[in-house]
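> First the structure, which I've put down as structure tokens, then a few questions once you've had a look.
The values are calculated or read from the model by the stated rules, or taken from the named source; none is laboratory data. Note that the structure is a prediction, hence the values are computed from the model and not measured. Here Cβ is always computed from backbone atoms with ideal geometry, including for glycine, and neighbour counts include all displayed protein chains.
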Amino acid sequence: MSQNQNPGWRGTTILSIRKGDKVVIAGDGQVSLGQTVIKANAHKVRKLGDGAVIVGFAGATADAFTLFERLEAKLEQHPGQLTRACVELAKDWRTDRYLRKLEAMMAVADDKVSLVLTGTGDVLEPEDGIIGIGSGGNYALAAAKALIDQDMDIVDMAKRSMKVAADICVYTNENVIIETLPKEKSAK
């Protein structure tokens, strides 16, 4: 199925950046159906595994909930082993009759590794720790790669990169949800 036939593939931007001992995953809030914005403040980034894993999702909403639940179950079966849990999910995703129909991508990270998961069975670890998926993913990815060597907080880097994507991709907005590991301390 081509990208133009499936509006779900065009409807989001997910960015993950790993720098030093921190990792962030950011996701925009826009949900589009064809050329119509249905919702502007969706939460496409979640914490799983008692907050030890961050996941960002590009694809249809129902598929997201299904895959979040499946990954959570794999994390329970393989505690502290994100790569193994993701490989097991990718195997199921590729071979299960129901799951293999899900067209999506996931960016997944814990304190040690960042991964991209696809429905074709791919579990990929980028060598530079930066992931961009979804319709605006390449724009956010390029911006993050340009900023990675700057003396800049990783959350600010993610915000700036997502702004670049929102300025270019009509299926991405500036309502960004960002999750971090380790958890950001609240400013008082």
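> Take D63 and decide whether it is within 29 Å of N173 (Cβ to Cβ), acidic (D, E), modelled with pLDDT under 90 and touching a Leu at 6+ places or on another chain (Cβ under 6 Å). It would help to see each step written out before you state the result.
Details: within 29 Å of N173 (Cβ to Cβ): yes; acidic (D, E): yes; modelled with pLDDT under 90: yes; touching a Leu at 6+ places or on another chain (Cβ under 6 Å): yes.
Considered against the rule, which asks whether it is within 29 Å of N173 (Cβ to Cβ), acidic (D, E), modelled with pLDDT under 90 and touching a Leu at 6+ places or on another chain (Cβ under 6 Å), D63 comes out as yes.
> Scanning region 42-59 for residues that are in contact with a strand residue (DSSP E or B) (Cβ under 7 Å, 6 or more places away or on another chain) and outside any strand (DSSP E or B), which turns out surrounded by the fewest Cβ atoms within 10 Å (Cβ to Cβ)?
Looking only at region 42-59, we keep the residues that are in contact with a strand residue (DSSP E or B) (Cβ under 7 Å, 6 or more places away or on another chain), and these are 42-48, 53-59.
Of the ones still in play, those that are also outside any strand (DSSP E or B) are 42-44.
Details: A42: 20, H43: 12, K44: 26.
Taking the candidates together, the pick is H43.
> So, one more: Of all residues in region 85-112, which are surrounded by fewer than 15 Cβ atoms within 10 Å (Cβ to Cβ) and either touching a helix residue (DSSP H, G or I) at 6+ places or on another chain (Cβ under 8 Å) or part of a helix (DSSP H, G or I) (or both)?
Matches in region 85-112: K91, R94, T95, R100, K101, K112.
> Considering each of R18, R10 in turn, give the residue that is modelled with pLDDT of 95 or more and out of contact with any Lys or Arg (no Cβ under 7 Å at 6 or more places or on another chain).
Of the residues listed, the single one that is modelled with pLDDT of 95 or more and out of contact with any Lys or Arg (no Cβ under 7 Å at 6 or more places or on another chain) is R18.
> Going by the conditions given, is V116 modelled with pLDDT of 95 or more, surrounded by 15 or more Cβ atoms within 10 Å (Cβ to Cβ), part of a strand (DSSP E or B) and not small (G, A, S)? Let's see the steps before the verdict.
Numbers: modelled with pLDDT of 95 or more: yes; surrounded by 15 or more Cβ atoms within 10 Å (Cβ to Cβ): yes; part of a strand (DSSP E or B): yes; not small (G, A, S): yes.
Criteria met by V116.
> Kindly provide the set of residues from region 10-23 that are assigned to a strand (DSSP E or B) and more than 10 Å from the chain's Cα centre (by Cα), ordered by number.
Within region 10-23, the subset assigned to a strand (DSSP E or B) is 13-19, 22-23.
I17, R18, K19, K22, V23, listed by residue number.
> Another one. Based on what the data block shows, is A165 surrounded by 22 or more Cβ atoms within 10 Å (Cβ to Cβ) and either aliphatic (A, V, I, L, M) or over 16 Å from K19 (Cα atoms) (or both)?
On the way: surrounded by 22 or more Cβ atoms within 10 Å (Cβ to Cβ): yes; either aliphatic (A, V, I, L, M) or over 16 Å from K19 (Cα atoms) (or both): yes.
Taking the combined requirement at face value, the residue satisfies it.
> One residue is enough: does region 134-145 have a residue meeting the conditions under 17 Å from I178 (Cα atoms), crowded, with 19+ Cβ neighbours inside 10 Å, at pLDDT below 95 and out of contact with any helix residue (DSSP H, G or I) (no Cβ under 6 Å at 6 or more places or on another chain)?
So far as region 134-145 goes, yes, one or more of its residues are under 17 Å from I178 (Cα atoms), crowded, with 19+ Cβ neighbours inside 10 Å, at pLDDT below 95 and out of contact with any helix residue (DSSP H, G or I) (no Cβ under 6 Å at 6 or more places or on another chain).
> With respect to A85, is the statement that it is closer than 19 Å to M157 by Cα and either touching a Leu at 6+ places or on another chain (Cβ under 7 Å) or hydroxyl-bearing (S, T, Y) (or both) true? Spell out the reasoning first.
Numbers: closer than 19 Å to M157 by Cα: no; either touching a Leu at 6+ places or on another chain (Cβ under 7 Å) or hydroxyl-bearing (S, T, Y) (or both): yes.
Considered against the rule, which asks whether it is closer than 19 Å to M157 by Cα and either touching a Leu at 6+ places or on another chain (Cβ under 7 Å) or hydroxyl-bearing (S, T, Y) (or both), A85 comes out as no.
> Here is a follow-up. Identify the single condition in (1) buried (at least 18 other Cβ atoms within 10 Å of the Cβ); (2) of a type outside the set (F, W, Y); (3) under 22 Å from G137 (Cα atoms) that D122 does not satisfy, given that it satisfies every other one.
Failing condition for D122: (1).
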